[in-house]
Each structure stands twice: as structure tokens, then as C-alpha cells.
1. Find the residue count for segment 46-62, including only residues that are of a type in the set (Phe, Trp, Tyr) and over 16 Å from the mean Cα position of the chain (by Cα).
2. Could you please find all residues in segment 164-199 being touching a Lys or Arg at 6+ places or on another chain (Cβ under 7 Å), modelled with pLDDT of 95 or more and not aliphatic (A, V, I, L, M)?
3. If a residue must be touching a Ser or Thr at 6+ places or on another chain (Cβ under 7 Å) and either at pLDDT 95 or above or surrounded by fewer than 18 Cβ atoms within 10 Å (Cβ to Cβ) (or both), how many such residues does segment 93-107 contain?
4. Which condition number in (1) without any contact (Cβ under 8 Å) to a residue 40 or more places away in the chain; (2) open to solvent by less than 30 Å² (accessible area, probe 1.4 Å); (3) in a loop (DSSP other than H, G, I, E, B); (4) on the phi > 0 side of the Ramachandran plot is the one that GLY144 fails?
5. I'm told ALA54 meets every condition in (1) modelled with pLDDT under 95; (2) surrounded by 12 or more Cβ atoms within 10 Å (Cβ to Cβ) except one. Can you identify the failing condition by its number?
6. Looking at segment 160-196 only, could you name the residues that are surrounded by fewer than 14 Cβ atoms within 10 Å (Cβ to Cβ), in a strand (DSSP E or B) and in contact (Cβ under 8 Å) with a residue 12 or more places away in the chain?
7. What number of residues in segment 53-81 are in contact with a Leu (Cβ under 9 Å, 6 or more places away or on another chain), over 21 Å from ASP123 (Cα atoms) and either among the aromatic types (Phe, Trp, Tyr) or assigned to a loop (DSSP other than H, G, I, E, B) (or both)?
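The values are calculated or read from the model by the stated rules, or taken from the named source; none is laboratory data. Please read all numbers here as calculations on a predicted model, not as lab measurements. Every residue, glycine among them, receives a Cβ derived from its backbone with ideal geometry; neighbour counts consider all protein chains shown. In case anyone asks, the SASA skips ligands and DNA or RNA and just uses the protein heavy atoms, side chains included. Shrake-Rupley method; radii C 1.70, N 1.55, O 1.52, S 1.80 Å.
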Amino acid sequence: MKQLLIVIFSLFLHLVYSQNCGCSKKPELKNLISCQPTVFKNKAKIYWEYNCNASWITFQKGKIRRKIYSLDKKTMEFTTRLGYIQWTEYKNSFLIENSKASGCCDPHEYILYSKETGKKIADLGTAIFNDDSSIHPYVLTMSGNDEVLFTNLNTNRSCRIKVSQKKIENTLKNSDILYAEELFENFQFKKGMLSMQLKYKDSGNFWKKEKIFLDTAKYCN
């Protein structure tokens, strides 16, 4: 009787935790969607699953099993090109890259998740710059029309840098640049001090450059 209960329980676990990865009606999806899991250093896993009605991303750690994103039947053929397209592991979190359109060239969004629970930590905004340094990884994103968000990817702490909305709007109006995220350049991060450059046009038609600094050790702890 005890052995029978063990077998039944094992079958139950298999049904609950088995991975969905296939659709007999759409065999071509095998070439589009890989269900190979990414295993994080804390043994958590993240992977795509799909059937004939949807595709989705599952986070799993121990008894925690959470669907964090999905595409319906009409859009699942855009899997890995639309919506959550890739992820990167950090000390306590993983960073999702979210494509708002299938194709070129809108800036992607960054979304931060806990790799302990699979719960969303924050929507960070649209991508400006991502430094994957193993010592001090960080990401810069556009948050609203007049703020740059600095996020420390070791601590998951963020702080905001105010920028001139007027300069940005005037530059986009009087140049062939389409997105504010493209106006930032020359990123450096040394001993907790972040520096970058904003290129812009004022009332004239000449490019100007403004240095922006942030003491992250002072303002982001």
C-alpha cells in the first residue's frame, strides 16, 4: 500500500511539474520556441513552455512555480521576438528584456524580477545602457520624459537623475533622432561615480553636449 501511494504521488508530481513543450498541429513551433531551461546559481529555473493555444514563461524554484509572461494563440508565433525576449541573471535578480514590437527599432524595456520568488521587483523603463560588469553591473533606463533611472543590479536599488525635458523635446523635433534614449552617450562608472553625456540642440541647429554626474554611493544606497 505504501509503495502504491509513493507511485501515485510521483505521478501527481510529474503531472504538476512536467513541462509543456509541443503542439502536434503546429510542428513548426519547435524551430521557433526552445524549452531548454536556464538554471540560475540559486537552482531556480526559467524556461519557455507552449501548447497549441499559447506560449508562456515559467519560473520555478523548489515548490514555487509561477507563470510570469504569456502570448496567446494569435501572437505565440512571435515568441522570443515580441514581449519577453531574453533574460540575464544577477546576484539576487534576473533582468528581462521586453520588446514592445516585433521588429525594428523601438527601445526595449527592462523589467527586474526576484530570482528567489519569481515576482516582479520593478518596471525600469526603456533601455539606455546596460553594463554587465561582473563587479558593478548596472542599467540605465528612461523613466518618463525627464528622468534617467540608475539601477544597481547587485542590490536592485535605483535612483533618479533629472534631465531637461525641454532639451530632449527640442532635439527630437530638430534632428533625425527618433528616441530620447539615443541622446545619451559616453558612459563611465568609477568608484561609485557615474558620468554620461547628453547631446542636444537648443534654439539653434548646432549640437551641444552636457555632462551628467551621479554619486551612486551617496544617493543610491
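1. 1
2. GLU185, SER195, GLN197, LYS199
3. Of the residues in segment 93-107, 3 are touching a Ser or Thr at 6+ places or on another chain (Cβ under 7 Å) and either at pLDDT 95 or above or surrounded by fewer than 18 Cβ atoms within 10 Å (Cβ to Cβ) (or both).
4. Of (1) without any contact (Cβ under 8 Å) to a residue 40 or more places away in the chain; (2) open to solvent by less than 30 Å² (accessible area, probe 1.4 Å); (3) in a loop (DSSP other than H, G, I, E, B); (4) on the phi > 0 side of the Ramachandran plot, only one is false for GLY144: (2).
5. (1)
6. Answer for segment 160-196, where residues must be surrounded by fewer than 14 Cβ atoms within 10 Å (Cβ to Cβ), in a strand (DSSP E or B) and in contact (Cβ under 8 Å) with a residue 12 or more places away in the chain: LYS162, GLU185, MET193, SER195.
7. 2
Conditions (1) aromatic (Phe, Trp, Tyr); (2) modelled with pLDDT of 95 or more; (3) under 18 Å from the mean Cα position of the chain (by Cα); (4) open to solvent by less than 50 Å² (accessible area, probe 1.4 Å), marked per residue:
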| site | (1), (2), (3), (4) |
| --- | --- |
| LEU15 | no, no, no, no |
| ASN20 | no, no, no, no |
| PHE40 | yes, yes, yes, yes |
| ALA44 | no, yes, yes, yes |
| LEU71 | no, yes, yes, yes |
